[in-house]
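All remarks here apply to the structure that follows.
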Amino acid sequence: MTNIPMLYIFLLFSYDSIPPLPDLSKIEFLEPVLWIEPAERTIRINGFAGQFYGLDFGFDLRSFLAHGQFIRSNDWDSTDTGSALISHVINLPHFWIKPSLRARLLRRQNDYKQIAPGLEFTLFTSPLVAAGTFEYSHWLINDKDSPEATGELAFIFDQTTFFPSIFISGIYATRQLKPSLFAQLNVNKFHLKLGSPIKTGFPSPDFSVRFSEPWVEIAANVQTGVRHNTLAQYFKPEIPINYSIDIPAETLKVALALRAELNIHEQIFTVGGSYREWLYRLNIGEDYEISSTRKTEETELEFCAKNHLRFTNFGLSNTINIQYSRSDSTITFLPDIAVFDTLQMGIGVFELSTDFCYVSQRYGIEKLLPRYYIINMTAGLRFSFVKIYFMAHNITDERSEIYDDYYFTGRQYSGGIEIRQRL
């Protein structure tokens, strides 16, 4: 089957040679987008070449946005990765609409392409605000078609006490619609949300509560029952998984999560933890196929600190994330301890960024994998709208086994030039 030309015209990919950290339980208290603030008008073009190479661009023209990027890397296997995003916001009286088009590419042992047209809108009436998000994903997996879709409608009663809201969401996959229904109340500084799938697996309650102040936020979540997945949600290009649609559902006996965040003058500290008892949990099994683990208990703790300092000719940003995980069953590639730290510094025209990642021993598919640490560095000089830079990945020349029968390639270098200009 012939390739899709547009997929290679607009390619966007957030490149990071460091393997993924554990997929920890996170409390998501998503709110509908009610308005779009115009972005700065900027253009960015960036290209780099060496032992790994790529090209990316970005056009932000207030209500219109187009980003694209393509990367060829070989951190532990030769990989082509990319994706694309084009969107445009149309503002009308009491109404805005945002059509978009996303694309994604992954080529390693298998070939994955995704084309995903989407639509967001908000309608302002009185006393009701209606907001919606819809996306259709057309996947080509080794040239075999697989469609899926997601959507959500939110109805907010903005002139009623406690601002009650109703959320109707759904997943369409394998020719089946799997809807969910949630309701939310906002009582002073407390926000409460309760819902469940309303077809397959009903009832499967999901309850969240959040206390919010400008400087502190505390959130908790309790879940049980069936949780549906889409390939777009589960897709992890960094891991050599052999995907196929559909992605099976998971079943929780109970899940508890708690997160607290403190924000003081751009210094942000987050502490969180979760306990999940699964009746049916997705895992990675033989031949990197998605399999299941039954009757599994997981405990996860996380600490994150984001620090920012700014002076006239000096800027420093650092983010450190420490994660601890424990399970009574074998969860493939999940380490007990993972530490990730990123540092960005600017002194006049000189810019430096480093990434550090430490991952403890963990179980692979058939063996125990060794601990490792990876350090990446980018250094460059920025003159007005032009930056010339140099990248070194895996500075310590780590060559440990990262996945079953996959090893780090070793130290690699690349250099590039970036043009960034406000319009």
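Before moving on, here are some points about what is shown:
- Count of the stretch 367-408 residues which are assigned to a loop (DSSP other than H, G, I, E, B) and closer than 22 Å to V339 by Cβ: 10
- When the residues of the stretch 50-81 are filtered to those that are closer than 25 Å to E40 by Cβ and small (G, A, S), the one that is surrounded by the fewest Cβ atoms within 10 Å (Cβ to Cβ) is S63.
- Residue count for the stretch 182-197 under the criterion of being of a type outside the set (G, A, S) and buried (at least 16 other Cβ atoms within 10 Å of the Cβ): the result is 6.
- When the stretch 199-213 is limited to residues that are among the hydrophobic types (A, V, I, L, M, F, W, C) and surrounded by fewer than 16 Cβ atoms within 10 Å (Cβ to Cβ), the one that is nearest to P248 (Cα to Cα) turns out to be F202.
- Pairs, first closer than 17 Å to R362 by Cβ in the stretch 268-289, second buried (at least 16 other Cβ atoms within 10 Å of the Cβ) and modelled with pLDDT of 95 or more, C-beta under 7 Å, six or more apart: none
- Count of the stretch 150-181 residues, restricted to those that are of a type in the set (A, V, I, L, M, F, W, C) and surrounded by fewer than 19 Cβ atoms within 10 Å (Cβ to Cβ), is 9.
- Among the residues making up the stretch 190-210, a single one is among the basic types (K, R) and within 14 Å of P164 (Cα to Cα): K193.
- Listed by position, the strands (runs of 3 or more DSSP E) contained in the stretch 181-240 that have at least 3 residues being among the polar types (S, T, N, Q) and under 24 Å from the mean Cα position of the chain (by Cα) are 216-227.
- First in the stretch 385-399 and of a type in the set (D, E), second anywhere and part of a loop (DSSP other than H, G, I, E, B), Cβ under 8 Å, 6 or more apart: D397/G410; D397/R411; E398/F408; E398/G410
Let's see how each residue does on (1) in contact with a helix residue (DSSP H, G or I) (Cβ under 8 Å, 6 or more places away or on another chain); (2) of a type in the set (F, W, Y); (3) at positive phi:
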| residue | (1), (2), (3) |
| --- | --- |
| W215 | no, yes, no |
| N221 | no, no, no |
| R227 | no, no, no |
| L231 | no, no, no |
| I247 | yes, no, no |
| L258 | no, no, no |
| L279 | no, no, no |
| E289 | no, no, no |
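- Strands (runs of 3 or more DSSP E) wholly inside the stretch 77-120 that include at least 2 residues being more than 21 Å from the chain's Cα centre (by Cα): 90-92, 95-107
- Within the stretch 280-290, being assigned to a strand (DSSP E or B) and surrounded by 16 or more Cβ atoms within 10 Å (Cβ to Cβ) holds for Y280, R281, L282, N283, I284, I290.
- Yes/no for T299 being closer than 21 Å to V222 by Cα, within 19 Å of the chain's Cα centre (by Cα) and at pLDDT 95 or above: no
- Flag for T270 being among the β-branched types (V, I, T) and under 30 Å from D341 (Cα atoms): yes
- Any hit, the stretch 164-175, residues being within 25 Å of the chain's Cα centre (by Cα), within 22 Å of T133 (Cα to Cα) and not in a strand (DSSP E or B): yes
The values are calculated or read from the model by the stated rules, or taken from the named source; none is laboratory data. These numbers were taken from a predicted model, which means no experiment stands behind them. Backbone-built Cβ (ideal geometry, glycine too); neighbour counts: all protein chains shown.
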